[in-house]
Amino acid sequence: DIFSGDYGMSDNSPDRLRANARAAGVEARLDVRTGDMRALPFADATFDGAVSAFAIDHLNRDDRRRTFAELRRVLRPGGDFLLLVVNNDAWIRFTLPFLVHHGYFGPRTPAERWRGELTDAGFAVVEDGTQPGALYLLARAGGARTP
């Protein structure tokens, strides 16, 4: 996280993240680093998986391309990437009506648009679907999965 701006969340800080991890009993497994998803502070092929939950959809097209390229760089061949974005479904329209235009992409559905961007970035989308308020796509980085 960059930990700047609150995006509707007050006290967006490493300390808040640590407190949440402590409450979940996983603080010992937590390594907090401040960074930008468009220029990740990690070596190539460092991770088996990555998750973006309701963040990448706040970037413009060029920044999304940079972010997907960074994800490909830091994922090992065959590594998985889970993308979660707001799904403008009935649940969102009822509970969070101010998001009614979030994720509108013209004639393409959000799933088609995200699938295209991930494919263009060299990912293979292996699964997609929805849960109330969320669209998810599970994508795999090119190359063979490593043990």
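How many residues does region 118-147 contain that are out of contact with any helix residue (DSSP H, G or I) (no Cβ under 6 Å at 6 or more places or on another chain), open to solvent by less than 60 Å² (accessible area, probe 1.4 Å) and at pLDDT 95 or above?
Looking only at that region, the number is 5.
Can you list residue pairs whose Cβ atoms sit under 7 Å apart, with the first residue in region 76-90 being closer than 13 Å to F54 by Cα and open to solvent by 30 Å² or more (accessible area, probe 1.4 Å) and the second being at pLDDT below 85 and of a type in the set (A, V, I, L, M)? Count only pairs 6 or more apart in sequence or on different chains.
N88/L99; N88/V100
Which is open to solvent by 60 Å² or more (accessible area, probe 1.4 Å), closer than 24 Å to A124 by Cα, out of contact with any strand residue (DSSP E or B) (no Cβ under 8 Å at 6 or more places or on another chain) and without any contact (Cβ under 8 Å) to a residue 12 or more places away in the chain, of D62, D44?
Details: D44 fails: without any contact (Cβ under 8 Å) to a residue 12 or more places away in the chain.
Unique residue meeting the criteria: D62.
Identify, please: which residue in region 91-112 is among the hydroxyl-bearing types (S, T, Y) and modelled with pLDDT of 75 or more and is, among those, surrounded by the fewest Cβ atoms within 10 Å (Cβ to Cβ)?
This residue is T95.
Sort through R33, R73 and tell me the only one that's modelled with pLDDT under 95 and either in a helix (DSSP H, G or I) or open to solvent by 50 Å² or more (accessible area, probe 1.4 Å) (or both). Reasoning before the result, please.
Numbers: R73 fails: modelled with pLDDT under 95.
Within the list R33, R73, the selection yields R33.
The values are calculated or read from the model by the stated rules, or taken from the named source; none is laboratory data. Model, not experiment: these values are computed from the prediction. So basically every Cβ, Gly included, is an ideal-geometry build from the backbone, and we count neighbours across all protein chains shown. Areas reflect the complete protein model, heavy atoms only, side chains present, ligands, DNA and RNA absent. Shrake-Rupley method; radii C 1.70, N 1.55, O 1.52, S 1.80 Å.
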